[in-house]
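Heads up, the thing below is written out as structure tokens.
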Amino acid sequence: MSKYYVRYGLLGKVRVATVSESWQPKRGMLCLAQEGEHQWWGRLLYPCGDGVSILASETITIQAPSPEQEALYPSQAEKNQEICEEVSDLAESLNLDFEVFKVEESLGGDLHRVYYQCLDISSLRTINEAWEEKGKVSALEWIQVGARIKAKLCGGIAVCGREYCCTTVLRDLTPVTMRMARAEARSLQPDDTAGACGRLKCCLRYEFEDLDDILGPGARVRARRIDGQIVAVAEPGRSLWVENDRGLRLEVFLKEILEVDGQPIGQRT
């Protein structure tokens with residue numbers, strides 16, 4: 001038996017899965033992840049312990065799809081979209097203030113996960129009753145999402161010209177704070193710091209975790225107002241005291257720093 005990291009579902013959950021050696025698993029191989037009584041489409045990522053470390057404490061069971069099941073996969077996205085439109089039309093016909101973003105169908109079609117936003121939770125009972133009255137035998141599982149998850153599900157192109165980080169490289173949507181924004185952004189204007197979701201951009205935290213290591217006392221920096229050596233931290237995550245060769249000392253904000261020990265880090269967009 002071997003262990004693999006597996007990603008499954010629309011939210012791209014990453015878990016550890018035990019794989020039978022007879023299966024001969026390969027990276028990127030299609031699989032079925034067992035979650036409770038239902039199975040969801042997923043793909044194998046990497047073998048555990050193969051120089052790759054991913055935070056995934058939960059262990060799930062997976063299996064290889066049969067040829068008949070695998071033949072259903074190419075049409076799954078189109079089927080999910082049809083169900084999404086059906087649920088949206090049903091909510092609209094009932095005059096509910098209800099927004100449906102995505103629907104995910106389990107293998108076999110006995111459960112539909114509906115990702116939605118709605119202020120009035122009592123609307124769920126109304127739409128569930130209407131769904132049953134239409135003779136639907138599949139159950140609806142409602143998952144209310146925030147702005148960041150909405151952007152992850154819907155996808156799009158960011159101001160950098162690339163696809164949203166949350167839909168491509170990020171496995172977990174970790175918090176981004178104003179301290180990170182002060183350290184990474186050139187200004188705190190919403191146009192510079194806010195992503196498509198209206199929250200702080202996920203990319204603001206990419207280099208922040210390294211700043212405390214490289215911007216310590218003794219490091220030599222070139223900033224917009226002064227070139228010199230860091231002598232102390234003025235305000236953690238915000239500013240430093242820098243002293244030049246003539247003894248002049250200034251408080252320098254992190255966003256002003258252009259180079260550290262000869263390496264450019266400050267000119268970020």
- Message: Looking only at segment 48-69, filter to residues that are at pLDDT 85 or above and among the hydrophobic types (A, V, I, L, M, F, W, C); which one of those is surrounded by the fewest Cβ atoms within 10 Å (Cβ to Cβ)?
- Response: 64
- Collect the residues in segment 191-206 that are more than 15 Å from the chain's Cα centre (by Cα) and either among the charged types (D, E, K, R) or buried (at least 20 other Cβ atoms within 10 Å of the Cβ) (or both), keeping them in residue-number order. 191, 192, 193
- Query: Taking the stated definitions as given, is residue 94 without any contact (Cβ under 8 Å) to a residue 40 or more places away in the chain, under 26 Å from residue 197 (Cβ atoms) and not acidic (Asp, Glu)?
  - Reply: no
- Please give the helices (runs of 4 or more DSSP H) falling wholly within segment 106-186 in which 2 or more residues are closer than 30 Å to residue 31 by Cβ. 147-154, 165-168
- Message: Out of the residues in segment 249-269 meeting the condition of being assigned to a strand (DSSP E or B), out of contact with any helix residue (DSSP H, G or I) (no Cβ under 6 Å at 6 or more places or on another chain) and crowded, with 17+ Cβ neighbours inside 10 Å, tell me which one is modelled with the lowest pLDDT.
- Response: 257
- Message: Of the residues 32, 72, only one is modelled with pLDDT of 85 or more and surrounded by fewer than 17 Cβ atoms within 10 Å (Cβ to Cβ); which?
- Response: 72
- Candidates 96, 140 - the one that is surrounded by 14 or more Cβ atoms within 10 Å (Cβ to Cβ) and modelled with pLDDT of 90 or more: 140
- Has segment 166-180 got at least one residue that is at pLDDT below 80, over 30 Å from residue 77 (Cβ atoms) and either among the charged types (D, E, K, R) or touching a Phe, Trp or Tyr at 6+ places or on another chain (Cβ under 7 Å) (or both)? yes
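The values are calculated or read from the model by the stated rules, or taken from the named source; none is laboratory data. Please read all numbers here as calculations on a predicted model, not as lab measurements. Note that each Cβ is placed from the backbone with ideal geometry, even for glycine, and that neighbours are counted across all protein chains shown.
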